[in-house]
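Each value in this text was obtained by applying a stated rule to the coordinates, not by laboratory testing. Quick caveat: nothing in here was measured; it's all calculated off a predicted structure. FYI the Cβ positions are ideal-geometry reconstructions off the backbone, even for glycines, and counts take in every protein chain you see.
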Amino acid sequence: TNVKGRWPTFQFGAHETAEVWRLLGSLELLPPATKLELGQMLLELLHRNAAPNVREAQFFALGRLGARVPVYGPLNDLVPIETAQDWAAKLITLDPKEEKAAFAIVQLARLTGDRYRDLPADVRQTVLQWLTHRGAPDHYVHLVREGGHLESQEQRIAFGESLPRGLRIE
């Protein structure tokens, strides 16, 4: 019902909510302060029970917002190391079982060889122990321990959908 001077309330369904989070996570040109605000919102929402596709989208968004290796954005738009470290620690404490959660943590802790982007060694060690304990793919462990490029399946996860034939993310 419309009340004079008020907008009608609108609720997204689960599918629309998941798509909004995927969109927000893909916006690598957002200022770090905006990414920080979205990341904090996501961490609060992950404590709630949401539809599985919404949770997957939330993990996707958090991983992309805090990624140490952007897909296309500039390095000066990355969130600070301390933020990525905090988000990774909170995810590990939450201990989600979803595969997308492990990939989000890999995005946050992936080794780049750049001291201005890499999480401290002790934090990456904690991430490695968590990944190993939950039986994450060997390549996830490799990306955190030694860095490197995403495999084709991981590129699809990072990109958010299938890549056009012949397109690779380096």
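Summary of packing: across the peptides 58-69, 20-31, the per-residue average of other C-beta atoms within 10 Å ranks them, highest first, as 58-69, 20-31. Here is the list for region 71-145: trypsin sites (Lys or Arg not before Pro) lying in DSSP coil, each with at most 10 other C-beta atoms within 10 angstrom of its C-beta, are K97, R115. Here the gap between E99 and Q125, fully extended at 0.36 nm per residue and compared with their Cα-Cα distance, gives a gain of 7.4 nm. Computed over region 38-118, the Cα gyration tensor eigenvalues convert (square root of 5λ each) into semi-axes of 22, 12, 11 Å, ordered from largest to smallest.
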